[in-house]
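Right, one structure below, let's go through it.
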Amino acid sequence: MKDQFEFDRHQMVEEQIIGRGLRDQRLLSAFESVPRHLFVPQEDRQLAYADGPLPIGLDQTISQPYIVALMTSLLKLEGNERVLEVGTGSGYQAAILSHLAGEVHTIEYLPQLAARAKQLLSGYLNVFCHVGDGSLGWQESAPYDGIIVTAAAPETPQVLLDQLKDDGRLVIPIGRRGYQKLELWTRRGDKFDCDELIEVAFVPLRGEYGW
């Protein structure tokens, strides 16, 4: 089965990521390296590299591989950055980020999910797991070169924008339950540029600035 997982992971990269136009070699190497099947429930491991999201319990999901790749690519990481992930979930996104950034902080609202992810991420020495209201960010380690939000908010929390460094980037799904637009925000001094990208469907962000 190990060889099958490796084959499936390579096919995922070739067809779902490269096939949709993402070709950065560091990004592709991260997706080839991280064993996605370890971040999904045992009963769904044969589907781990399929082209879609999967449930991970507690009404949460692990996102479609391409969406993880796209959101990661939008941060334009070079290797030394400090990044915040809001919504640890399975821990897979944080594992990918660990290969691409210098320091990764990830925060999860649900303690049960956070504990499971922390165990899975124990070998990723540049990933720091926190439990709390991710809609407030993680001020203790701010400012960040990049922030990635893996759950949908009704509007972009200003508190997250304020935790960006100058020229820092925030990727977040914004909209109503079940339908959002992926937004890319870039800090320019005291101002913020916003680009609307593709339509997406994420689980709701929990917390003060979520649902």
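The values are calculated or read from the model by the stated rules, or taken from the named source; none is laboratory data. Predicted model, so just to flag it, every value in this text is computed and none were measured. Using ideal geometry, Cβ is built from the backbone for each residue, glycine included, and neighbour counts are taken over all protein chains shown.
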Check: Looking only at strands (runs of 3 or more DSSP E) that fall completely inside segment 91-189, which ones have 3 or more residues that are of a type outside the set (A, V, I, L, M), surrounded by fewer than 20 Cβ atoms within 10 Å (Cβ to Cβ) and free of Cβ contacts under 8 Å to residues at least 24 places away in the same chain?
Finding: 164-176, 179-188
Check: Out of SER73, SER90, which single residue is of a type in the set (S, T, N, Q), within 25 Å of GLY134 (Cβ to Cβ) and in contact with a Lys or Arg (Cβ under 9 Å, 6 or more places away or on another chain)?
Finding: SER90
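Residues checked against (1) more than 18 Å from GLU183 (Cα to Cα); (2) at pLDDT 95 or above; (3) under 14 Å from the mean Cα position of the chain (by Cα):
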position	(1), (2), (3)
SER63	no, yes, yes
SER73	no, yes, yes
GLY79	yes, yes, no
VAL83	no, yes, yes
ALA95	yes, yes, yes
THR106	yes, yes, yes
TYR109	yes, yes, no
ALA115	yes, yes, no
